[in-house]
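One structure is given here, and the rest of the page talks about it.
The values are calculated or read from the model by the stated rules, or taken from the named source; none is laboratory data. Predicted model, so just to flag it, every value in this text is computed and none were measured. So basically every Cβ, Gly included, is an ideal-geometry build from the backbone, and we count neighbours across all protein chains shown. Only protein heavy atoms, including side chains, enter the accessible area calculation; ligands, DNA and RNA are left aside. Shrake-Rupley method; radii C 1.70, N 1.55, O 1.52, S 1.80 Å.
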Amino acid sequence: MGNITYDMKYDKNEIVSMLNARGADEEALMQRALATKLEHLDNNVHLRGLIEYSSVCSKNCLYCGLRSGNGHAERYTMTDAEVLDCARQAMELHYGSVAIQCGERSDKAFTDKIAYLVREIKRLSDGQLGITLSCGEQTEEVYRQWFEAGAHRYLLRIEASNESLYYKIHPNDDRHSFAKRLACIDNLMKIGYQTGTGTMIGLPFQTVEDMADDLLFFQRKGVAMVGMGPFIPHPETPLWQYRDIIPSVDERLAMTMRMIAVLRLMMPEINMVSATANQTLHPQGRSRAIKAGANVLMPNLSPTTYRRDYQIYPDKQCVDETADRCASCLELQMRAIGHNILYDAWGDSKAFLKNQSKSR
């Protein structure tokens, strides 16, 4: 499977300049990104019904509330029946696609369970539900097992494409290897997943040049989808101590919008997620990201009894909102900004499908 490539090339200085845009220049950037999205993808928004399967994690990342070193985190794992109920609810709501996200484990009991759940979701939906996984770093054999079970998209965020910055937000040990992260992304692409990655925006020690390199990394890799969101410090993590030196809430949100906009210009046909973290920082955060160039939303299907315990970052929005209410709310929000939610559709990456067709 060849990588996705585009003619829309910018050098690093041009990207930095766009990321530094303010005032009229920033508004022009947003308008151009929206026009590019509408030209290549229309005004359609794809849904991924989010299933937050488990808060148990073997990693100890320095930014995440689910880190194994957080002794105050409440751990849970959904039952098989609860996961399949979420899949049924996705069908009832006409979402067309689900995403299973969880803390990272690599033991055989876990990897076999994910394969089983993927097969069961495919079975109960008669193959109609698309399945995205975001279950961390695994061996190529496990990724292949899950792909053969029926998963076809995978999100593995690099979090920071600058190796030095990567080790400022992850422990530098055998369980947190930058090289392994890159190898996993390459394996996912080789197997044939619609592979997604992404970064956090507004991290301590992160520069605009780092963020420009992130965008160039996405383009160089030729990924099919990207999820970027603002960094929100969690009080039970080591990075909490740097909360006073990171950009303000407004600037982290604005930079996220500029990152989305610039990437839409660079990679016009990929899928881009409007992260729930945007909504945590601003009541219209998700809608602003859609207008900036994103085209995917991930309404939460997880039982409300678990949502407060899936605390990657604090103050997460919609933890008490039922799936039905969330669906109605998103419909109204998208209509208000002139966008159309596509129901009963997998919402595959146009870039990936075009590239797949060329490879045949």
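No other residue among ALA90, ALA73, ALA24, ALA109 is touching a residue at least 12 places away in the same chain (Cβ under 8 Å) and over 21 Å from HIS176 (Cβ atoms) apart from ALA90. Restrict the check to region 25-33 and report whether at least one residue is open to solvent by 50 Å² or more (accessible area, probe 1.4 Å) and over 30 Å from ALA212 (Cα atoms). No: zero hits. Considering every residue within region 254-267, establish whether at least one is open to solvent by 10 Å² or more (accessible area, probe 1.4 Å) and of a type in the set (Ser, Thr, Tyr). No, there is no match, as no residue in region 254-267 is open to solvent by 10 Å² or more (accessible area, probe 1.4 Å) and of a type in the set (Ser, Thr, Tyr). When residues in region 268-313 are screened for being in contact with an Asp or Glu (Cβ under 9 Å, 6 or more places away or on another chain) and either under 23 Å from THR237 (Cβ atoms) or open to solvent by 10 Å² or more (accessible area, probe 1.4 Å) (or both), 13 of them pass.
As a summary of the residue check, THR207 satisfies the conditions (1) at negative phi; (2) open to solvent by 10 Å² or more (accessible area, probe 1.4 Å); (3) touching a residue at least 24 places away in the same chain (Cβ under 8 Å); (4) not basic (Lys, Arg) except for the one numbered (3). Highlighted here are the helices (runs of 4 or more DSSP H) found entirely within region 243-325 that include at least 2 residues which are of a type in the set (D, E, K, R) and more than 15 Å from the chain's Cα centre (by Cα): 249-266, 285-292. On the basis of being more than 18 Å from the chain's Cα centre (by Cα), closer than 28 Å to GLN31 by Cα and open to solvent by 70 Å² or more (accessible area, probe 1.4 Å), does LYS354 make the cut? In short, yes. Of all the numbered requirements in (1) outside any loop (DSSP other than H, G, I, E, B); (2) buried (at least 17 other Cβ atoms within 10 Å of the Cβ), ARG88 misses one, and that requirement is (2). With respect to (1) open to solvent by 30 Å² or more (accessible area, probe 1.4 Å); (2) over 22 Å from GLN311 (Cβ atoms); (3) not aromatic (Phe, Trp, Tyr), the lone exception for PRO238 is condition (2). Considering only residues of region 218-229 that are open to solvent by 10 Å² or more (accessible area, probe 1.4 Å) and of a type outside the set (D, E, K, R), which is nearest to the chain's Cα centre (by Cα)? My answer is MET225. Within region 152-199, can you find the residues that are in contact (Cβ under 8 Å) with a residue 12 or more places away in the chain, surrounded by fewer than 20 Cβ atoms within 10 Å (Cβ to Cβ) and among the charged types (D, E, K, R)? Within region 152-199, ARG157, GLU163, LYS168, ARG175, LYS180, LYS190 meet the criteria.
The single residue among ARG48, ARG22, ARG67, ARG75 that is open to solvent by less than 40 Å² (accessible area, probe 1.4 Å), modelled with pLDDT of 95 or more and under 30 Å from GLN241 (Cα atoms) turns out to be ARG67.
Looking across region 4-19, the residues that are under 26 Å from GLN194 (Cβ atoms) and open to solvent by 80 Å² or more (accessible area, probe 1.4 Å) come down to THR5, ASP7, LYS9.
Filtering region 76-87 to residues that are touching a residue at least 60 places away in the same chain (Cβ under 8 Å) and either of a type in the set (Ser, Thr, Tyr) or under 21 Å from HIS234 (Cβ atoms) (or both) leaves only TYR76.
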